[in-house]
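The values are calculated or read from the model by the stated rules, or taken from the named source; none is laboratory data. Nothing here was measured: the structure is a model prediction, and the numbers come from that model. So basically every Cβ, Gly included, is an ideal-geometry build from the backbone, and we count neighbours across all protein chains shown. Each accessible area value is taken on the protein alone, full model and side chains, heavy atoms only, with ligands, DNA and RNA left out. Shrake-Rupley method; radii C 1.70, N 1.55, O 1.52, S 1.80 Å.
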Amino acid sequence: MYYFNKKFSFTFFAILFSFLVHAQNSSKQTVEKNEALYRPYIHFTPKKGWMNDPNGMFLKDGIYHLYYQHYPDETVWGPMHWGHATSRDLIHWEHRPIAIYPDSLGLIFSGSAVMDEKNSSGLGVNGKGPIVAIFTQHNMEGEKNGTIDFQNQSIAFSNDNGETWKMYNGNPVIKNPGIKDFRDPKVMWHEGTKKWIMTLAVKNKVSFYSSSNLKDWNKESDFGVELGSHDGVWECPDLFSLKYNNSIYWVLTSSINPGGPNKGSATQYFIGNFDGHFFKPNSSKTKWVDYGADNYAGVTWFGTGERKISMGWMSNWIYAQQVPTQNWRSATTIARDLSLGTINNEFYLKSMPVKELAFENAQKIKDGKVNAQSPYKLNITNLDLKEFSVTLSNDLGESICFGYDQKQGKYYIDRTNAGEHNFNSEFAAKHIAPRISESKQINLEVIIDKTSIELFADNGFTVMTDIFFPNKTLNTIKIKGLKMGKENLLLSKIKSK
Ligand code: FRU
């Protein structure tokens, strides 16, 4: 009996051991498969854990800094830190250690960073100005206890180019006046009044504050209660200027969730004038930075001069925490150069992929196989305004399709049948966007990565960004409505570094 038991238990443990080894190997295999299938080539993702909004971006000494809403311990939203990455070209990113950790005042929500070159804050060392980060601290306890003043604005400073940060000991710098949604400060330097200007999302509007030292802030004005979309809470605003025909115009963006044109999260914008105190829009039309479902909370880099570069979170709060990536969740959009354009005297914000994203070997293509083992760009040029579609598919019958619907005058991306979608009933959908340009010809630039499509139409007047999760690479292309010749579909590969 004893012998039997011993033998039995030996066999039992041997089987259990081999089962565990096998289980571990196969889960490793699925993780590796998941990485290979879904980790993008040219879009930033956190190494592991959760990411949402991009935060605190600035350019210094040729290095672009990107911070982001980050929960390192799980792949769903949780106690927020600021993750950190750097890049020289906005395409290839290097992971840096986590930059800012929650403290007794709360979690580190979204915000911005500025180079305080003249040391107006007095937080620099040896006569050199610091980098100052300005963000919301969200007090979880306060929220749980049913108070309403749990979001306050704090600052932290770095004297080693954004690598390590110290909390300012006078935090918070703006106390909550008794408003539940009071967050996401975006700060810039306003040369006209020689002041720092903060744009803050306050429930259904933005509020502007000014400061001469980044520590003491005065409220200037509110904007937006009666304009734009109000189907959700305003979040992550931005205010920046752009030149058009040698005049300066101001652009105010405000993300909103829900209420986007294709459901859930999206970013609206207004164009007008800002005098350091008030923002006056020059139109009452509601306009969207991106009509796709997956570009949220985008803001611009500090320190890029007249050039304005923005990047968004490439997801949507409807399903962001359910998408089928295993080690991490979410990517950022491709960084985009912003500019202004007009149509019948109406101003629009245009976005195009940053010029650093270079492609080469443009080749005319027809129906058939495409080499999808690296990111690529599809260009449609000189197409007379007419119906067309391009479908990318795999041999599992999964596909993503984009095109122009002439009857409706709309562009679309259809991801109804693009692979995994059961994680959320709203994911599989066709998204549409108005054609804004009045040009008689369509020009389209489409960037395809493993799990994303970014469509820039008519030199950036209409933009759509959508994510998708096929079970195999989409490597077959089918074109409808395009005749090769004058109208061309060109495919180019990303230029190697
Ligand atoms: C937007 C947002 C912000 C907030 C952050 C929290 O996606 O809700 O308003 O600061 O995410 O992670």
In whole angstrom, note down how far apart the Cα centers of the stretch 309-351 and the stretch 131-198 are.
24
Under 5 Å from the placed amide H of residue 100, counting only residues 5+ away or on other chains, we find 82
Flagged as over-length at 25 Å C-alpha distance, from 377/472; 166/308; 285/350; 263/410, the pairs are 166/308
Evaluate the relative contact order of the stretch 51-155 (contact order divided by residue number), counting alpha-carbon pairs under 8 angstrom at least 6 apart; express in whole percent.
20
Sparse-neighbourhood loop sites, GluC sites (Glu not before Pro) in the stretch 131-217 - DSSP loop, at most 13 other Cβ within 10 angstrom
191
Go ahead and collect, in residue order, the members of the stretch 415-449 whose backbone nitrogen is under 18 Å from a label point 7 Å along the Cα-Cβ direction of residue 407.
430-435
For the stretch 49-353, the accessible surface attributable to carbon and sulfur atoms (probe 1.4 angstrom, ligands and nucleic acids excluded) amounts in percent to 46
Greater than 24 Å apart at Cα, pairs in 219/243; 118/195; 194/280
219/243
Per residue, how large is the accessible surface of the chain? Use a 1.4 angstrom probe and give square angstrom.
44
Among rounded, prolate and oblate, which fits the stretch 217-319 when a ≥ b ≥ c are the square roots of the eigenvalues of its C-alpha gyration tensor, a/c under 1.5 means rounded, and a/b larger than b/c means prolate?
prolate
Rounded if a/c is under 1.5, else prolate if a/b is larger than b/c, else oblate: which is the chain, with a ≥ b ≥ c the root eigenvalues of its Cα gyration tensor?
oblate
The local net charge around residue 448, scoring Lys/Arg +1 and Asp/Glu -1 for residues other than residue 448 whose Cβ lies under 13 Å from its Cβ, equals 0
The chain, dipole about Cα centre (Lys/Arg Cβ +1, Asp/Glu Cβ -1), debye to the nearest 20:
980
When Lys and Arg each count +1 and Asp and Glu each count -1, what net charge do the other residues less than 12 Å away from residue 281, Cβ to Cβ, add up to?
+1
For the residue pair residue 371 and residue 31, what label-to-label distance in nm results when each label sits 7 Å from Cα along the Cα-to-beta-carbon direction?
3.2
